[in-house]
1. Pull out the extension gain between Ala250 and Ala210, defined as 0.36 nm times the separation in residues minus the alpha carbon to alpha carbon distance; nm, one decimal.
2. Which whole-Hz couplings ³J(HN,Hα) result when phi for each residue of the range 250-255 is put into the Karplus expression 6.51 cos²θ - 1.76 cosθ + 1.60, θ = phi - 60°, listed in order with x for Gly and Pro?
3. Let's test the formula: R0 of 25 Å, r as the Cβ-Cβ distance of Thr158 and Arg107. What FRET efficiency results, to the nearest 0.05?
4. Could I have the simple spin-label model distance between His100 and Ser188, label points 7 Å from Cα toward Cβ, reported in nm to one decimal?
5. Sort 180-190, 245-255, 224-234 for me by packing, meaning the mean count of neighbouring Cβ atoms within 10 Å per residue, highest on top.
6. Would you calculate the separation in nanometres between label points at Ala181 and Arg143, each defined as 7 Å from the Cα along the Cα-to-beta-carbon direction?
7. Going down the table (Lys85/Lys142; Lys85/Lys155; Lys85/Lys170; Lys85/Lys237; Lys142/Lys170), which pairs top 24 Å between alpha carbons?
8. Once amide H atoms are built 1.01 Å from N in the peptide plane, which residues 5 or more positions from Gly90, or in another chain, come under 5 Å H to H?
Amino acid sequence: MHPDPGPKQDGSLSGFGLRAPCIDHPGTVRSFGWFAHWTFNPDGVTCKLDSVETTTPLKNDPREVRAYTVLEAARLVRVPVSTLKTWLHGEGVSSRGLIHLPRNRPRLLAFSHLVEAFVLAAIRRGHGIALQRVRKAIGYVKRELHVERPLIHAKFKTDGVDLFIEHWGKLVNTSSDGQIAMRGAIESSLRRVDWDPDGRAVRLFPLVRADDAAQEQPRTIVIDPMRGFGRPTLVGKGVRVDVIVERYRAGESPVDLAKDYRVAVDLIHDAVRCELRAAS
């Protein structure tokens, strides 16, 4: 009879893993790992499978990759280039801008800056608010919500609009009608932004029809930093707008393009408007 030798060896042998962008939390990567835990004993060998799942920030969040020139960004958010430059650099030598870019060159904007400019355009459009007062109102919202960049956070949509209107109203002593109009403009622009579960902006639906107000325009064109390298694409199709316009310039009609992509003709017209405005 042989003595009980006891366990001969215990160990853990890792299996394999997968990494993929997390759709629910853009700007992060989800990792999956499978492991086989082996136990050796006199009665035989047992194996227990285990798994682990982690979600970690991407080293380069697509929303923070600087991909848009000042000219491109101005066209996409429909403001004059000079206005966007003022938001970036301020009005005077000692003035600070409303949108802060890294100091390194080239001076390109990221998707997050694009969203900030889009919301600012709604605040300034038709109201003529002085830059200094906008800065003070945004600073007030930032302090109250404890959010560094409130214009790209869902908290601005849920709570920040009220705070902004309240503080702005005190600064300019505006009428209730003026505050209602301002609130409508901001809320209309925020409805053209999608947010992830963490409250950060993930998609922007730019205005492409010159004569329609924001609340009346369908969301036909989308800017998504996770798709098409952040260039405007057709909603639901993922087809880059510049590809459609290249075919349009080559002589293909909007009707033929709509049939090819299986979309309404209005979407092709919107794609052409978006791209030609950005390129003009």
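FYI, it's all coordinate maths here, none of it is from the lab. In this text, all values refer to a predicted model and were calculated from it rather than measured experimentally. Cβ atoms come from the backbone with ideal geometry, glycine included; neighbour counts cover every protein chain shown.
1. Gain in length upon complete extension: 11.9 nm.
2. Here the 3J(HN,Hα) series is 6, x, 6, 7, x, 5 Hz.
3. 0.20
4. 3.1 nm
5. So the order, starting with the most tightly packed, is 224-234, 180-190, 245-255.
6. 2.9 nm
7. In this structure, Lys85/Lys155; Lys85/Lys170; Lys85/Lys237 exceed 24 Å between Cα atoms.
8. So Gly90 has HN proximity to Gly97, Leu98.
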